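See structure below.
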């Protein structure tokens with residue numbers, strides 16, 4: 001299989017928490033040596049891209065901060081700007097809020113007299129109940145948009161364990177308000193189209209690699225590009241029975257990708 005651009009998930013695909021998965025570095029050495037472009041795309045909006053760049057670089061993987069990294073945060077911000085929004089209520093980590101303050105006014109608590117344009121939800125590891133409460137009040141009392149950086153229900157960490165992700169937060173908010181968030185990250189196919197255009201690569205030469213069937217694989221299905229599901233993260237073979245779409249290929253881990261590409 002010959003591909004010119006490979007879009008990688010990170011959590012559960014390349015590493016688990018602080019641990020690089022076996023064979024990952026050798027895989028990227030192969031891609032580098034064979035001039036195959038790659039992008040690290042994460043739905044995880046709890047960190048900025050500098051965090052991911054430093055993490056990948058410290059694993060010894062060759063990468064460029066500007067060229068090789070993209071996230072659901074950038075997709076969401078681009079959408080907010082395109083819509084012309086000015087005032088936001090944000091449920092997210094400080095790192096995401098800090099990225100927003102240059103372009104938007106952030107409202108920090110519910111006030112029935114303050115009109116907002118959008119409630120934005122991101123993966124928050126600093127979540128406090130007051131933020132969820134105020135976001136739900138805005139969604140119930142105003143005709144504002146509801147945007148989420150991503151819809152992942154859980155984030156894989158070390159030892160086969162998981163922590164709650166943004167998908168659970170927005171589901172809680174939906175049950176409270178009867179309003180469903182528009183998700184900006186994977187499985188939105190515009191991400192793949194954008195990256196293919198950035199690298200000037202035809203869609204048929206793009207491959208998506210990840211561990212989540214409902215984000216990583218579904219974005220490949222939605223964009224009509226080939227996909228590889230690795231079994232090192234969230235999705236298991238048993239889980240596939242619950243979905244009516246499939247990855248193009250299934251591998252135990254990223255260690256086997258090099259052989260698939262040869």
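The values are calculated or read from the model by the stated rules, or taken from the named source; none is laboratory data. Worth saying up front: this structure is predicted, and the values here are computed from it rather than measured. Here the Cβ is made from the backbone with ideal geometry for all residues, glycine too, and neighbour counts use every protein chain on show.
Points to keep in mind about this one:
- Filtering 192, 163, 250 for residues that are within 19 Å of residue 45 (Cα to Cα) and outside any helix (DSSP H, G or I) leaves a single hit, 163.
- Count of segment 221-231 residues which are touching a helix residue (DSSP H, G or I) at 6+ places or on another chain (Cβ under 9 Å), surrounded by 14 or more Cβ atoms within 10 Å (Cβ to Cβ) and outside any helix (DSSP H, G or I): 6
- Selected residue (only one of 163, 107, 147 is modelled with pLDDT of 90 or more and buried (at least 20 other Cβ atoms within 10 Å of the Cβ)): 147
- Filter result for the condition that a residue is surrounded by fewer than 19 Cβ atoms within 10 Å (Cβ to Cβ), more than 12 Å from the chain's Cα centre (by Cα) and in a helix (DSSP H, G or I), over 25, 67, 2: 25
- Restricting segment 247-262 to residues that are touching a helix residue (DSSP H, G or I) at 6+ places or on another chain (Cβ under 7 Å) and more than 20 Å from residue 29 (Cα to Cα) leaves a set whose member that is surrounded by the most Cβ atoms within 10 Å (Cβ to Cβ) is 247.
- Residue check for residue 192: over 30 Å from residue 140 (Cβ atoms), buried (at least 16 other Cβ atoms within 10 Å of the Cβ) and modelled with pLDDT of 95 or more: no
- Residues located in segment 195-220, provided they are part of a helix (DSSP H, G or I) and either more than 29 Å from residue 163 (Cβ to Cβ) or out of contact with any strand residue (DSSP E or B) (no Cβ under 7 Å at 6 or more places or on another chain) (or both): 196, 197, 198, 203, 204, 205, 214, 215, 218
- The lone exception for residue 234 - which of (1) at pLDDT 95 or above; (2) outside the structural domain of residue 90 (by TED's automatic domain parsing); (3) in contact with a helix residue (DSSP H, G or I) (Cβ under 9 Å, 6 or more places away or on another chain) it fails: (1)
- Residue that is assigned by TED's automatic domain parsing to the domain that holds residue 87 and more than 27 Å from residue 70 (Cβ to Cβ), where the choices are 176, 166, 155: 176
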